[in-house]
Each structure stands twice: as C-alpha cells, then as structure tokens.
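Okay, so here's the structure we're looking at.
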Amino acid sequence: MKASDVADTAVDVLRNVGAFAHDLVRPTVRLGVTGLSRAGKTVFITSLIHNLLAGGRLPFFDPVAQGRLHRAYLEPQPDDDVPRFDYERHLADLLGSPPKWPESTRRLSQLRLTLEFEPLGFLDRNLGRNKLHVDIVDYPGEWLLDLPLLGQSYEDWSMREIAMAREPNREALSRKMLALLEKLDPSAEAREEDAQHAAAAFTSYLQECRDKGDAAVVPPGRFLMPGEFEGSPALTFAPLLPSDVEPSRNSLWGMMARRYEAYKSHIVKPFFRDHFARLDRQIVLVDALTALNGGRDTLHDLQRALTDILGCFRPGSNSWLSSVLYPRIDKILFAATKADHLHHTSHDRLEAIVRRLAHNAIDRADFAGAEIDVVAVASVRATREGNAKVRGEDLPCIFGYPLKGEKIGTRTFDGNEEYAIFPGDLPHDPDEVEAFLKRKAGDNQVRVVRFRPPDPVTRNPDTPAALPHIRLDRALNFLLGDKMA
C-alpha cells in the first residue's frame with residue numbers, strides 16, 4: 001500500500017469518527033441518488049422533497065401513515081464546497097404554465113432535508129432524538145461507473161474498451177475511432193497531436209453511444225461531463241490497440257498510460273473519497289423500459305451497467321465499529337422508473353425484470369448483509385389509466401399527452417392532444433425476456449414515448465398540491481422508515 005493511501009485512510013477514519021459522534025446527537029443519513037443518463041434523477045429528487053414539504057399522499061411511508069411526521073423543511077447543506085441542488089427552479093418547471101420537465105443535472109449537487117417526527121422508542125423520545133437530517137447527494141451514474149477503473153491498469157482498460165467498441169451494437173458508432181487507432185503506433189514517440197486526435201475520436205464515439213442510448217455505460221464518465229477539467233491532459237487520452245513491441249515511457253502508449261493514471265488520481269479518487277465513500281444509503285434509478293424497447297443489445301448494456309454499479313458499492317450491515325471506522329452502504333434501492341408508462345398490471349413484471357438483470361450482483365450484496373429492494377416508480381405521474389378499443393379489441397391503456405415529436409410506428413405526435421396508448425405486455429417470467437425480445441425483433445417491444453408533465457393542481461393560488469406519483473412512498477419507507485422508528 002502506498003504511503004498516500006495510508007494517509008488517506010487515516011484521514012477517512014478521523015472524519016468518520018467525527019461524523020459518528022455527531023450522529024449520536026443529530027442523526028443524519030447521506031442518501032446517494034444516481035442513475036444513468038435520462039433515468040430521471042432530477043425529477044425524482046424534486047418530487048420526493050415536494051411531497052414531503054407539501055404533505056403529499058404517502059400512505060406507505062410509515063411515519064406519515066402513523067401520523068408521526070410533524071413537518072419537513074429544507075436547511076443549509078453541510079458541505080460548503082458542493083453545489084446546491086436547485087430544487088426551487090426544478091419545481092417551478094414542473095408547476096409552470098405550461099409545465100415542463102426540468103433539465104438534467106450533469107454535476108454533483110446536494111441538499112439537506114430535515115424531518116421532524118415522533119420516535120417510537122422510549123429512550124429516543126426522552127433524549128429528544130426527534131429529527132432526522134437527510135443529506136441528498138445527487139451525482140451522475142456515469143461517474144459511478146468510473147470507480148472500477150481504480151482497480152484496472154491502462155492495458156486492461158484499453159482491451160475492455162476496444163472489445164466493447166467491436167460489439168455488434170457499437171460497430172457503426174466506433175468505426176471512425178477504430179480506424180484512427182489502427183493508424184497509431186503505440187510504441188512510437190509520444191506526440192501531443194496524436195493524443196489530441198485519439199481523445200477527440202474517443203469522445204465523439206462516447207457521445208454517439210450516449211445519444212443513441214444503447215451504450216451509455218461506457219466509462220470514463222467525465223469525458224462527456226468535463227467541467228473544470230476540460231482540455232486538461234487528464235482528459236486527453238484514449239485506448240490504444242496492443243503492440244508487439246514493449247512500449248517505452250516516452251512512447252504514445254506510455255503517455256496515454258500516465259494520463260489514464262492522472263484521471264484516476266485527480267478525478268476518480270477524489271470523488272470516491274470525498275463523496276461516494278461517505279454515503280449511507282443509495283437509490284439507483286433504472287430506465288428499463290427504454291432498454292427493453294431498444295432490444296437485446298440495449299438490454300445487455302443495461303445489465304452490464306447494473307452489475308458494474310453494484311460492484312462499486314461497499315455493501316453490508318453496519319456495526320457500531322464499522323460505522324466509526326469504515327461505514328458501509330446498508331440499503332440499496334433499484335427504482336425502475338417510468339412506471340406510469342405501463343398499466344399497473346405490468347408493474348410487478350417490470351420489477352422482476354430489473355431484479356433479474358442485476359441478480360448476480362444483488363446476490364453478492366445480500367451475502368454481505370446489505371438490504372436490497374426493487375420498486376417500480378413514477379416520480380411524477382404523467383398518465384392515467386383506462387380501457388380503449390385498439391383494432392376492435394378492448395385493451396388496458398394509458399392516457400397522456402405525448403411530447404411533440406414523439407413517435408409510435410408511423411404516427412408522430414404534436415404535443416397538444418391526449419392519446420390512449422396500449423403500452424404492450426411484459427413477459428410474466430423475467431427469464432423469458434430474451435425470447436420475448438427475439439420474437440419482437442424489428443418491432444417496438446414496449447411502446448415507450450415521453451409524456452409532458454401533468455397540469456399542476458392547486459389548493460389555492462399560493463399552495464400547489466403535491467406532485468402525483470407512483471410508489472414514491474414505498475421508496476421512502478425502504479430508505480428512511482427505519483431511521484424514523
């Protein structure tokens with residue numbers, strides 16, 4: 001172990017001791033919220049906060065169901081060096097006239113929500129432990145997928161990236177990048193011009209992958225979200241094809257390997273140390289419907305991403321000693337988003353499919369003592385349910401206003417009319433998903449379109465009603481219910 005690693009560990013332990021002592025008096029939960037691009041993190045956090053502040057319908061959140069939640073309010077966040085989650089602006093978008101979906105956040109942000117409640121325990125009641133601080137930490141899932149890089153050499157990473165680029169669903173996207181890499185000699189003398197061209201081609205490939213949706217799981221995540229590191233050598237590298245000649249330190253390979261290590265040292269490690277390693281609980285938002293609609297290759301990408309994501313966590317039950325020395329994430333919730341895009345009769349099937357996609361990694365985490373659950377949610381419900389005749393058959397449908405430009409088959413929606421849409425049936429058995437997608441190849445397996453947000457409902461001009469949702473209360477109860485017992 002390097003001396004710097006020992007020093008970092010000592011600093012972490014001292015920080016954790018201080019946090020543990022503080023939590024004895026003022027209990028705090030650091031809740032990580034993440035998901036891959038377009039999974040709905042911003043809407044989830046905004047709706048969660050608004051439903052607690054505005055007294056939304058949360059019948060399956062025990063403190064609300066039992067009448068023990070007295071009030072919820074926002075407080076200044078504890079970390080002065082982390083941007084604040086812009087809750088007010090995002091809520092204004094959802095409650096606007098017309099309402100619109102807020103822009104996705106592309107950086108780390110944080111917000112502190114404090115819940116005052118009546119504890120059930122005699123000791124807690126007499127000690128006045130009736131407040132829970134919830135520090136919500138919002139971060140891109142692409143950053144999370146960078147964490148496995150800490151255990152990979154540049155050679156291992158290059159081999160994995162190139163192998164993924166050659167997969168059938170990426171061949172068309174990676175053709176230009178691979179053609180450029182084949183012209184580069186890894187053992188040749190390092191030239192900045194070669195590094196710049198390779199990095200630009202690699203970044204363009206990653207951008208096309210994300211825009212297409214099939215391959216949004218390719219790290220490094222900061223290449224598409226560079227922030228203050230834009231243009232730095234730490235973001236100016238790319239995978240290289242292996243060479244038969246042992247590359248020297250001054251070769252192109254040697255330069256790329258050093259920059260890869262700089263990326264890990266200056267970008268990945270600080271995120272892990274300062275933010276990720278401090279999380280107590282985690283929710284991962286999963287857009288499984290879009291993956292199902294994309295076909296087998298897209299679904300395989302999602303499965304690989306979920307496995308990589310769970311591999312990043314340090315799951316397990318916390319003893320008092322582990323809480324002091326090296327806290328673990330003791331609860332992880334996978335939320336299958338956009339449940340309002342399906343009829344409720346398919347929600348349990350959606351949950352089963354997500355659990356099946358992550359079953360290997362979930363089994364490992366369960367063995368370590370962590371609690372894991374899967375729930376189908378809609379952070380803001382944009383549709384209603386009903387029956388409609390489709391080709392003479394009475395089918396369970398969802399009704400909503402598809403956004404302008406959305407398509408199903410040959411129909412393009414204008415955004416101004418409500419439509420009844422039969423979203424399709426998911427297979428009853430999650431083990432049959434592969435066969436289901438194979439049968440449906442070439443057609444939309446699940447009819448997924450984006451809907452506009454619902455028109456806001458107001459109790460009076462100054463008090464908008466809480467945002468409608470599906471199972472947000474169940475998610476809250478899993479993540480926070482035991483902390484408020």
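Nothing in this text is a laboratory measurement; each read-out follows from the coordinates by a stated rule. Everything quoted here is computed from the prediction, not taken from an experiment. Quick reminder, even Gly has a Cβ in these numbers, built from the backbone with ideal geometry, and neighbours come from all protein chains shown.
Taking neighbour counts of Cβ atoms within 10 Å as a proxy for exposure, in what order, fewest first, do Thr410, Thr28, Thr46 appear?
Thr410, Thr28, Thr46
Suppose the chain between Leu120 and His428 were pulled fully straight at 0.36 nm per residue; how much longer would it get relative to their current alpha carbon spacing?
Gain on extension, Leu120 to His428, equals 106.9 nm.
Explain nothing, just compute: Karplus ³J(HN,Hα) = 6.51 cos²θ - 1.76 cosθ + 1.60, θ = phi - 60°, for every residue of the range 220-234 in order, whole Hz, x for Gly and Pro.
x, x, 6, 4, 9, 9, x, x, 6, 8, 4, x, 7, x, 5
Exceeding 27 Å between C-alpha atoms, which entries from my cross-link table qualify? They are Lys131/Lys331; Lys100/Lys212; Lys100/Lys269; Lys338/Lys407; Lys212/Lys438.
With Cα atoms farther than 27 Å apart: Lys100/Lys269.
Kindly provide the Kirkwood hydrodynamic radius of the range 135-262 in Å, to one decimal, from all pairs of distinct alpha carbon atoms.
15.0 Å
Could the peptides 179-186, 334-341, 52-59 be put in order, highest first, of the mean number of other beta-carbon atoms found within 10 Å of their residues?
Packing order, densest peptide first, comes out as 334-341, 52-59, 179-186.
Output wanted: per-residue J couplings in Hz (rounded whole) for the range 433-438, from phi through Karplus 6.51 cos²θ - 1.76 cosθ + 1.60, θ = phi - 60°, x for Gly and Pro.
With coefficients 6.51, -1.76 and 1.60, one gets 4, 4, 5, 4, 5, 5 Hz.
Once fully extended, how much extra length lies between Asn130 and Arg106, figured as 0.36 nm per residue of separation less the alpha-carbon to alpha-carbon distance?
Gain on extension, Asn130 to Arg106, equals 5.2 nm.
Kindly provide the trypsin sites (Lys or Arg not before Pro) of the range 386-424 that DSSP labels as loop, not H, G, I, E or B, and whose Cβ sees at most 10 other Cβ atoms within 10 Å.
Passing sites in the range 386-424 are Arg391.
According to the square roots a ≥ b ≥ c of the eigenvalues of the Cα gyration tensor, what is the shape class of the range 220-275, taking rounded for a/c under 1.5, prolate for a/b larger than b/c otherwise, and oblate for the remainder?
Verdict is prolate for the range 220-275.
Please say if the range 209-308 is rounded, prolate or oblate, where rounded means a/c under 1.5 for a ≥ b ≥ c the square roots of the C-alpha gyration tensor eigenvalues, and otherwise the choice is prolate for a/b larger than b/c and oblate otherwise?
Oblate shape, in that a/c is at least 1.5 and b/c is the bigger or equal ratio.
Using a Förster radius of 45 Å, what is the FRET efficiency between Asp274 and Ala435 based on their Cβ-Cβ separation? Nearest 0.05, please.
Using R0 = 45 Å, I get an efficiency of 0.50.
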